[in-house]
1. If the chain between THR206 and GLU472 were fully stretched, how many nm would it gain, using 0.36 nm times the residue separation less the Cα-Cα distance?
2. Cα convex hull of the range 404-549: mean projected area in nm², to one decimal?
3. Roughly how many Å² is the accessible area per residue of the chain, as a whole number, for a 1.4 Å probe?
4. In percent, what relative contact order does the chain have, based on Cα pairs under 8 Å that are 6 or more apart in sequence?
5. Under 20 Å from a label point 7 Å along Cα→Cβ of ASN312: give me every residue in the range 375-406 with its amide N that close.
6. Once you have the Kirkwood Rh of the range 219-262 from its Cα pairs, apply Stokes-Einstein at 10 °C and 1.306 mPa s and quote D in µm²/s.
7. Along the Cα→Cβ direction, 7 angstrom out, place labels at ALA465 and GLU432. What is the inter-label distance in nm?
8. Tell me the Rg and the Dmax, in Å, that the Cα atoms of the range 389-428 produce.
Amino acid sequence: MHQATIAPTVSYYDYIIIGGGTSGCPLAATLSQNASVLLLERGGSPYGNTNITDLAAFGAALSDLSPTSPSQRFVSEDGVVSARARVLGGGSCLNAGFYSRAGPEYVRMAGWDAKLVNESYQWVEKVVAFEPPLKQWQTAVRDGLLEAGIRPYNGFTYDHMYGTKVGGTIFDQDGHRHTAADLLRYANSSGLTVLLHAPVHQILFTRQGNLTTPKAHGVLFADANGLAHRAYLRRGSNNEIIVSSGALGSPQLLMLSGIGPRRQLRAHNITVILNRPMVGLGMSDNPMNAVFIPSPNPVEVSLIQVVGITHNGTYIEAACGENFAAQRTFRVKCLIIEYYVKQIGQLSTLPPKQRTQEAIEKAIEDMKALPQSAFVGGFILEKIMGPISTGHLELTTRNPNDNPSVTFNYFKDPRDLQRCVDGMKIIEKVIESNSFASFRFDNISIVTLLNMTTYSPVNSLPKHANASRSLEQFCKDTVMTIWHFHGGCQVGRVVDRDYKVIGVDSLRVIDGSTFRNSPGTNPQATVMMLGRYMGVRLLHERLANEERK
């Protein structure tokens, strides 16, 4: 890894990958085996940052609002605050660590080769996936799901199977996070150059001869001092630029480079290379709704380990924590703080346009004033598959470091709302199950728990007095993100099934922005798999073309 400040003004490579995230790292590692690769990451390194590497510090990186934070906060037009990664390793440096594969039907619908998919998952899992140590609270949730009828019990497995299971985690037995950046250990170091703090401002195109099809042939990127650098593709029909900048970054960069809706591009004085109205459309985020459950007994610190995969299109997961009030510094490990205030930073009383950093900090201080006993416990959450509801993304500025405007339209489709209601009913059954009895207060009703959640600062949406009586209203009032947003460069709309940008030569998009639906219960395993999968395919194509020559 190098800082972009050491990069030459002009350089040449076989492949230029934009985005060293969950897909970009395995892709770069694979392609470096038989080609020269430049990997450009707009953020820094995850190594040496305990807020990333230590499970006990989960949420700290997400709550860091500094310009150098590995997490860049954004607020959707729906009023839900979220975060996008700005670090080598991408979202795998920030998430709750759950590792679970996509189901066989998802693989079939994507048109992927099942054998290579399986091999690619295994390649990833040798480095980053582990079996979690299931302790008392997670065991109670698991058994509560079985009591609630989410059967069969499938034990520990990476596979996506109906019923209740223990999934994988990217945290090892010592509580240390392993990320997509770790997959770079597979790389041929002589074939790979990794530049940090190297935001790409534009993909460069040429039109060769009389051809009307634009051809990507280089990129313009900046270093930390603001100096411009250009990297170009070497001559060769196999050489390509690959965008792996995520669901927000990839459509944003295509637009900044002149590929997107003509109206938007002209509004920002961007030269139109190719009018592609579908760039930025199909944006989706799996809505999350959760119930916090105070516990009369101590609970372990654990992130997502158990999942109930239902037939009605909802997934049930859980996390918990404990406080360390004896410590000098205030550190509430309970995830009600991490999710509801610090990492999400949402204020229920203010609309998004009026929310300020001072107001967020005041909310955190208010939470600190609460008795420590209020934060012993955990939460059970549900997220819906898909989802069916979609939105759109638009440019706000021509600066690639600025967030675009994104609308997800949570619960716009009534089928998504019904799935949330179904999921909440399952959560109620788990809370009331015999298996979970030791982790709930007998005198706190389900209605009280729902009210507690409703009036917590989980988002900036207006609250309704009847939310605890209407699960539909509860779902709308308490919707949060679980960071599984996708779309914007979808297969069949912006890229073809080989992830080539339609209407452009030597340009692909390989990341979650190409997904129509979020894979499995949690997408990171499949995004990492896709980077490896497509890297292998591209190397095979390269070898076949060289043999023909």
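1. Working: separation 266, 0.36 × 266 = 95.76 nm, distance 5.22 nm.
Stretched fully, the THR206-GLU472 segment lengthens by 90.5 nm.
2. Numbers: hull surface 52.4 nm².
Averaged projected hull area, Cα only: 13.1 nm².
3. Working: 21010 Å² over 549 residues.
Dividing the accessible area of the chain by its residue count gives 38 Å².
4. Working: 1363 pairs, mean separation 126.0, N = 549.
The value is 23 percent.
5. From the range 375-406, the list is 380-389.
6. Rounded to a whole number, D works out at 128 µm²/s.
7. Result: 2.6 nm between the two label points.
8. Every Cα atom of the range 389-428 included, Rg and Dmax give 15.6, 47 Å.
The values are calculated or read from the model by the stated rules, or taken from the named source; none is laboratory data. Since we're looking at a predicted model, the values are computed, not measured. Positions of Cβ are generated from backbone atoms using ideal geometry, with glycine treated the same way; all protein chains shown enter the neighbour counts. Surface areas here come from the heavy atoms of the whole protein model, side chains and all, with no ligands, DNA or RNA. Shrake-Rupley method; radii C 1.70, N 1.55, O 1.52, S 1.80 Å.
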